[in-house]
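Student: Dropping a structure here in C-alpha cells format, bear with me for questions.
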Amino acid sequence: MDFPHISSLAITQASGVLNNNGVIAYPTEAVWGLGCDPFSERAVSRLLAMKRRQFGMGLILVAAEIKQLFPFLAGLSQSRLDQLKASWPGPQTWLVPNNFVAPPWITGGRDTLAIRVTDHPVAAELCRSFDGPLVSTSANPHGFPPAKSRLKVNLYFRNQLDYVVPGLLGSSGKPTSIKHLITGETIRSG
C-alpha cells in the first residue's frame, strides 16, 4: 500500500484521545473504522451505543504487529502461531480461542476472540503510537452500510466521535475475511 504521508500530529492526537477513553474513526483496508482502547469498558460501551450494536456480538482487535497480540495468543501451538504469522500483515481476521486476557466486553462472552494484524499504514501507526491493539469495527450504525468516506462517517456519527484521523482507505474492495483458526471454518469471505 502506497500512502504519501501520515500525519504524525494526527496520530499523536488520536493516541491521546484513545488513552483518555475516547472513540475515534480511522481509515482501514476497505472501510472506515471506529476504534477505542479495548481495555476501557467505558470507551467500548460508548462505541457499542454509537453503533447500536449488541454486546454479545464481540469486536475485532487490530494490531500493528503480532507481538502486540501475544497476550491473547498464549496457549496456542507453534504451528497455529505460524499459521497466523503467514497470513499477516493483511486483511485476514482470525477467531482464536479466548484465553480470557481480553475483557468480556470485547469477546461478547464468546469462547473466541477476533484479531488481525493490519497492513494499513494509518491503522498500524495508530497501534504503534497507542502501544497496543485497538478495537476495529466498521464505522456505521448496525444494519447500515459501512462508511467508505469521511463524509459518511460524519453523517453517521456527527458530534459523537472524539477524533477522526485523516487518511485514505486501502485498496481492498470488501471487509476482511474472518476464519476460525482451530476449525478452519470461513465465517465471512473477504
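The values are calculated or read from the model by the stated rules, or taken from the named source; none is laboratory data. Owing to the predicted nature of the structure, the values given are computational and were not obtained by experimental measurement. Using ideal geometry, Cβ is built from the backbone for each residue, glycine included, and neighbour counts are taken over all protein chains shown.
Student: Looking only at the stretch 1-48, how many residues end up being touching a Pro at 6+ places or on another chain (Cβ under 9 Å), modelled with pLDDT under 95 and part of a helix (DSSP H, G or I)?
Tutor: The number of residues fulfilling the criteria is 1.
Student: Out of all the residues in the stretch 91-105, is one or more of a type in the set (Gly, Ala, Ser) and under 19 Å from Phe55 (Cβ atoms)?
Tutor: Looking for residues that are of a type in the set (Gly, Ala, Ser) and under 19 Å from Phe55 (Cβ atoms), one finds at least one in the stretch 91-105, hence yes.
Student: Modelled with pLDDT of 95 or more, touching a helix residue (DSSP H, G or I) at 6+ places or on another chain (Cβ under 6 Å) and of a type outside the set (A, V, I, L, M, F, W, C): does that describe Ser129? Quick ask: steps written out before the conclusion?
Tutor: Values: modelled with pLDDT of 95 or more: yes; touching a helix residue (DSSP H, G or I) at 6+ places or on another chain (Cβ under 6 Å): yes; of a type outside the set (A, V, I, L, M, F, W, C): yes.
Answer is yes for this residue.
Student: Looking at this structure, is Ala14 closer than 25 Å to Phe144 by Cβ, surrounded by fewer than 14 Cβ atoms within 10 Å (Cβ to Cβ), among the hydrophobic types (A, V, I, L, M, F, W, C) and more than 12 Å from the chain's Cα centre (by Cα)? Reasoning before the result, please.
Tutor: Details: closer than 25 Å to Phe144 by Cβ: yes; surrounded by fewer than 14 Cβ atoms within 10 Å (Cβ to Cβ): no; among the hydrophobic types (A, V, I, L, M, F, W, C): yes; more than 12 Å from the chain's Cα centre (by Cα): yes.
Against the criterion (closer than 25 Å to Phe144 by Cβ, surrounded by fewer than 14 Cβ atoms within 10 Å (Cβ to Cβ), among the hydrophobic types (A, V, I, L, M, F, W, C) and more than 12 Å from the chain's Cα centre (by Cα)), Ala14 does not qualify.
Student: Mind listing whichever residues of the stretch 49-58 are within 15 Å of Ala102 (Cβ to Cβ) and either of a type in the set (Asp, Glu) or part of a helix (DSSP H, G or I) (or both)?
Tutor: Phe55, Gly56, Met57
Student: Something else now. So which residues in the stretch 155-171 are over 18 Å from Glu125 (Cβ atoms) and hydroxyl-bearing (Ser, Thr, Tyr)?
Tutor: Tyr156
Student: Here are some residues: Gln83, Gln68. Which one is within 15 Å of the chain's Cα centre (by Cα), surrounded by 14 or more Cβ atoms within 10 Å (Cβ to Cβ), of a type in the set (S, T, N, Q) and in a helix (DSSP H, G or I)?
Tutor: The unique qualifying residue is Gln68.
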